[in-house]
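The values are calculated or read from the model by the stated rules, or taken from the named source; none is laboratory data. Treat the numbers as computed from the prediction; the structure is a model and nothing was measured. Cβ coordinates were reconstructed from backbone atoms using ideal geometry, including for glycine residues, and neighbour counts include every protein chain displayed.
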């Protein structure tokens, strides 16, 4: 029974971690990157204490607080189990609602898809690993950096030549680089390297975060730890 409980807790924890990652991908990274200083710090994590001392200090304080909180409740196995079950319930409900939003966005009422928050910047997202940032909008120009898929950059300008569309992106304070949208990879073959979009946090997204609290309450209140 104890072994089964441990496996169950690990599975619940895995779902919770996965949900946190989804929330980061869907919302948090865009909200953070909408600030130029934070966007630069995300490209250069080692510079975070210098570029954003307030944010870095806040993260450290939060980490200390969570550590103290965990030390205080570590003896209360029942409370920890309830919290895990509550977060698991929240995660399941949130993932289900977000899946409906993503797959059925065109069928949702317009009032549900209206933005609660809209990013100030246009984002350039790298969609192919080993995509190169160049010094100028030319495939012959100097390579400044190589990025992997998922990296967010702030769009500054757009330039087109006969073969490519180039995005000028912020790399460092008052420093910019160029990234191609779609590259030629062979005869009549093209590969998308980056895409441009704006971030919208919609009414439906807001509802999903609140409705998922029902899952948390269900898990926290109704499920008891087994001894």
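Brief remarks on what is shown
- Set side by side, the residues 163, 183 differ, and just one is free of Cβ contacts under 8 Å to residues at least 60 places away in the same chain and either closer than 19 Å to residue 31 by Cα or part of a loop (DSSP other than H, G, I, E, B) (or both), which is 163.
- A Cβ distance below 6 Å, combined with a sequence gap of six or more or placement on separate chains, defines the contacts here; from the range 119-132, residues that are at negative phi reach residues that are assigned to a loop (DSSP other than H, G, I, E, B) and surrounded by fewer than 18 Cβ atoms within 10 Å (Cβ to Cβ) in the pairs 119/198; 122/198; 126/149; 127/149; 128/149; 129/148; 129/149.
- Condition met for residue 127 (assigned by TED's automatic domain parsing to the domain that holds residue 30 and within 23 Å of the chain's Cα centre (by Cα)): no
- Of the numbered criteria (1) in a strand (DSSP E or B); (2) closer than 24 Å to residue 27 by Cα, the one residue 158 fails is (2).
- When residue 98 is tested against the conditions (1) surrounded by fewer than 18 Cβ atoms within 10 Å (Cβ to Cβ); (2) in contact (Cβ under 8 Å) with a residue 24 or more places away in the chain, the lone failure is (1).
- Within the set 87, 59, 55, 66, the sole residue that is surrounded by 15 or more Cβ atoms within 10 Å (Cβ to Cβ), at pLDDT below 85, closer than 20 Å to residue 23 by Cα and outside the structural domain of residue 166 (by TED's automatic domain parsing) turns out to be 55.
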